[in-house]
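Colleague: Structure in structure tokens, see below.
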Amino acid sequence: MSDTITGGLNGAPSLPHVVVLYGGRSAEAEISVVSGSAISAALMGRGLAVSQLLILRSGLAALLPDGHLRGDRAATEYTSDARAAALVSAPFRPLSELLNELSARHPGAVFIPALHGPGDEDGEVQQALDAKGVAFVGARPAAAALGMDKGRFKDLAASLGIPVLPHMLISAARWSTARAVVLAEIATFAAEQSEAGALIGKPVAHGSSIGMRIARTPEEWPLAVDLALEYGDVALLEPYLTKPRELEIALLERADGTVASYGPGEVFPGREFYDYDAKYADGVSRTTTAPDLSDAMSEPLRAAALQLFRAFGGRGLARMDFLMRSSGPEAGRWYISEVNTFPGFTPISLFPALVTAAGGSFADLCVELVVAAQSQAQRAS
């Protein structure tokens, strides 16, 4: 028997029990806490029964008390083992045990892995959910893994004729054993670019701009690679564009399987580039859902986002990030930067802002994600 609430959204017959997973093992755990707790509060405000599953950086997990609201608690209270222990209603245990229990206790439940970063958003948790046959919001395992890998995603985009910046990948193993050779390759790569040799380094599999560094001179190239490799096994280098426009498209799959696109929205970094602090420190950056961009310039971004969503196997939701040259003879030229298969749901996140700007509330969006995941599971059964 399914564990549901009768009387769903827009004619849906019932709304299921929902399990929201947040926290996680990556450096983006605190952002996940903000996203997941906001989604949970919105759904509970609509009368849905919600279980909140907090995951520590160790990978252990525990349920928060029924009806728990984060309120003004800092996200760090949920990511510190000692502080988190005071919040949960039972000891922390392996995540797999809790997923087994919750799927058995709440047949027909919809799981929302509101997780960001490697180890959480890269297909591993999605694989665990998929293996149990439960309905869940967001990309399935293979698509989540592809979306987390910036190199593979850029290769896919390029194969479809969608513009990407040239890039090179550097593995930790090769960097440690053949640094001089790699630096010579970086020099060749930098010389071929049109931005005076300036590069930006980033981990190939991370989000929230963690591990990114601009390298304007040969002396700074190793620093950028070293920082990126602190957050993964592969670093990605690409040309650094001076003050590009940073544009985002939101994609939302409806209950009937159609995919709607919203945007673009635009980010105005309060610092030289949109790094972690610029994203999440209050008052540093600003965004808009109505940028100064013509339809003729916006439509190709929406078309590319939809094409990529289908090509990489996107499901439920995604956010596509683009860079656009803002000056010089190539002003207006754009490139796909990356995809977020579970974008942020924080107060400053553009994904929910773009969707709700078209109508409806944050809570409407959260309920729609649940209804769509439920419908996807029913179509697949």
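A short reminder: the numbers here are calculations on the coordinates, not readings from a lab. Only a predicted model underlies this, so the values are computations on that prediction, with no experimental measurement involved. Cβ placement follows ideal geometry from the backbone for every residue including glycine, while neighbour counts extend to all protein chains displayed.
Colleague: On full extension of the chain, what length is gained from Ala357 through Thr242, given 0.36 nm per residue of separation minus the C-alpha to C-alpha distance? Could you put the intermediate results ahead of the total?
Modeller: Values: separation 115, 0.36 × 115 = 41.40 nm, distance 2.95 nm.
Working it through step by step, the gained length comes to 38.5 nm.
Colleague: Can you work out the PRE-style zone for Ala198? Point 7 Å along Cα to Cβ, and I want the residues of the stretch 218-242 with backbone N under 11 Å.
Modeller: Once the point is set 7 Å along Cα→Cβ of Ala198, 240-242 turn out to lie under 11 Å by backbone N, inside the stretch 218-242.
Colleague: With runs of 4+ DSSP H residues as the only contributors, calculate the mean residue ellipticity of the chain at 222 nm using -39,500 (n - 2.57) per run, divided by the residue total and rounded to the nearest 500. Can you show the working numbers first?
Modeller: Values: 14 runs with 142 residues, N = 381.
Helix contribution divided over all residues of the chain: -11000 deg cm²/dmol.
Colleague: Return Glu30, Glu121 ranked ascending by Cβ neighbour count within 10 Å, so the fewest neighbours appear first. Present the calculation step by step, with values, prior to reporting the outcome.
Modeller: Working: Glu30 22, Glu121 30.
The fewest-first ordering by Cβ neighbours comes to Glu30, Glu121.
Colleague: Here is a further query. Helix 362-380 against the longest principal axis of the chain: what's the angle in degrees, Cα atoms only, rounded to the nearest 10?
Modeller: That works out to roughly 80 degrees.
Colleague: Set the Förster distance to 22 Å, then compute FRET efficiency between Asp72 and Arg286 from the Cβ-Cβ distance, nearest 0.05.
Modeller: On the way: r = 23 Å, r/R0 = 1.03.
Once rounded, the FRET efficiency stands at 0.45.
Colleague: So, one more: Can you give me the Cα centroid spacing of the stretch 153-172 and the stretch 45-107 in angstrom?
Modeller: Centre-to-centre distance over Cα atoms comes out at 37 Å.
Colleague: Moving to a separate point now. Which residues does a label at Ser294 reach in the stretch 317-331, if reach means a backbone N under 18 Å from a point 7 Å past the Cα toward the Cβ?
Modeller: Hits in the stretch 317-331 for Ser294 at 18 Å: 324-331.
Colleague: Work out, step by step, the length gained on full extension between Ala85 and Thr188: first 0.36 nm times the residue separation, then minus their alpha carbon distance; give nm to one decimal.
Modeller: Working: separation 103, 0.36 × 103 = 37.08 nm, distance 5.16 nm.
Computed gain between Ala85 and Thr188 is 31.9 nm.
Colleague: Now for a separate question. Taking the Cβ of each residue in Ile170, Ile112, Ile200 as the centre, tally the other Cβ atoms inside 10 Å and list the residues starting with the fewest. Spell out each step's value before the answer.
Modeller: Details: Ile170 25, Ile112 29, Ile200 21.
By the 10 Å Cβ count, ascending: Ile200, Ile170, Ile112.
Colleague: Moving on to the next point. Could you calculate the contour length gain from Ala142 to Ser176, that is, 0.36 nm times the residue separation minus the distance between their Cα atoms, to one decimal place in nm?
Modeller: Numbers: separation 34, 0.36 × 34 = 12.24 nm, distance 2.96 nm.
This chain segment gains 9.3 nm when fully extended.
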